[in-house]
1. Of all residues in region 109-135, which are surrounded by 15 or more Cβ atoms within 10 Å (Cβ to Cβ), outside any helix (DSSP H, G or I) and over 14 Å from the mean Cα position of the chain (by Cα)?
2. Name the residue that is surrounded by the most Cβ atoms within 10 Å (Cβ to Cβ), counting only residues in region 6-24 that are without any contact (Cβ under 8 Å) to a residue 60 or more places away in the chain and within 15 Å of residue 54 (Cβ to Cβ).
3. Can you pull out every residue in region 25-73 that is small (Gly, Ala, Ser) and surrounded by 17 or more Cβ atoms within 10 Å (Cβ to Cβ)?
4. Could you give every pair whose Cβ atoms fall below 7 Å, whose first residue belongs to region 26-42 and is hydroxyl-bearing (Ser, Thr, Tyr), and whose second residue is in a loop (DSSP other than H, G, I, E, B) and surrounded by fewer than 17 Cβ atoms within 10 Å (Cβ to Cβ), counting only separations of at least 6 or pairs across chains?
5. Mind checking whether some residue in region 55-64 is touching a Phe, Trp or Tyr at 6+ places or on another chain (Cβ under 6 Å), of a type in the set (A, V, I, L, M, F, W, C) and in a strand (DSSP E or B)?
6. Among (1) more than 25 Å from residue 133 (Cα to Cα); (2) acidic (Asp, Glu); (3) assigned to a strand (DSSP E or B), where does residue 48 come up short?
7. Here's a check for you: in region 73-108, which residue that is under 17 Å from residue 45 (Cβ atoms) and in a helix (DSSP H, G or I) is modelled with the highest pLDDT?
Amino acid sequence: MDNRQRQQDEILALEAIFGAHAVEKSGNPDEHTFILHAPIDTMEAQLDLRFHLPDSYPSDTPPVFEWVCAHDMSARLRESSPGFIYPVRQLVLSDSMYDMASTELHRVWDEEMCRDVAVYSWVVWLGEYLSERWPQPLDPIPLPKDSVANVASSSTITNDTQSATS
């Protein structure tokens with residue numbers, strides 16, 4: 001099986017694992033680049049990585065990865081809980097973390113992957129690495145009772161006003 005076929009099979013496998021929406025392919029069919037939106041389940045976070053698959057991947061060279069960003073999903077998931085503020089964690093990859101991760105991913109490629117498809121293994125490793133180094137979710141902060149009452153009453157007033165104008 002040639003490299004391009006192995007790459008296509010790997011992308012199909014990533015879509016099956018993370019969902020079709022998690023793999024954002026480049027619009028150019030000649031460019032073998034995609035962004036993977038992968039959850040880090042232990043942290044309620046999402047990691048966004050751009051991968052470029054060179055023509056010689058996976059037989060001779062590793063994929064090229066670029067850190068795009070990470071999102072703290074815990075605050076978004078809980079926005080609908082009135083009466084609480086959910087602090088957002090700072091999910092930043094420092095230069096030293098990036099260098100260490102890059103070194104380790106290339107070590108895994110050279111020593112463990114035996115020049116096989118590696119994106120999924122890299123994402124799993126990154127998730128474990130980052131969950132050990134990033135802060136865990138912060139406890140919600142209760143709003144003062146007056147704020148909750150004001151939010152509830154303004155919502156009722158808005159709903160009553162909308163009903164009256166309809």
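1. Correct list: 113, 117, 118.
2. Just the residues of region 6-24 that are without any contact (Cβ under 8 Å) to a residue 60 or more places away in the chain, to begin with: 8, 11-12, 15-16, 18-24.
Imposing the further condition that a residue be within 15 Å of residue 54 (Cβ to Cβ) reduces the set to 8, 11.
Values: 8: 13, 11: 19.
That would be 11.
3. At the first step, the residues of region 25-73 found to be small (Gly, Ala, Ser) are 26-27, 38, 45, 56, 59, 70.
Passing the criteria: 38, 45, 70.
4. Listed by first residue and then by second, the contacts come to 33/26.
5. Scanning region 55-64 turns up no residue that is touching a Phe, Trp or Tyr at 6+ places or on another chain (Cβ under 6 Å), of a type in the set (A, V, I, L, M, F, W, C) and in a strand (DSSP E or B).
6. The number of the failed condition is (1).
7. Restricting attention to region 73-108, the residues satisfying the condition of being under 17 Å from residue 45 (Cβ atoms) are 73-79, 86-94, 97-98, 101.
In the following step, the residues that additionally are in a helix (DSSP H, G or I) were identified as 73-77, 97-98, 101.
Working: 73: 65, 74: 62, 75: 57, 76: 55, 77: 51, 97: 84, 98: 86, 101: 89.
Filtering first and then ranking leaves 101.
The values are calculated or read from the model by the stated rules, or taken from the named source; none is laboratory data. Note that the structure is predicted; figures quoted are calculated from it, not measured. Because the Cβ atoms are built from the backbone with ideal geometry, glycine has one as well, and the counts that use them run over all protein chains shown.
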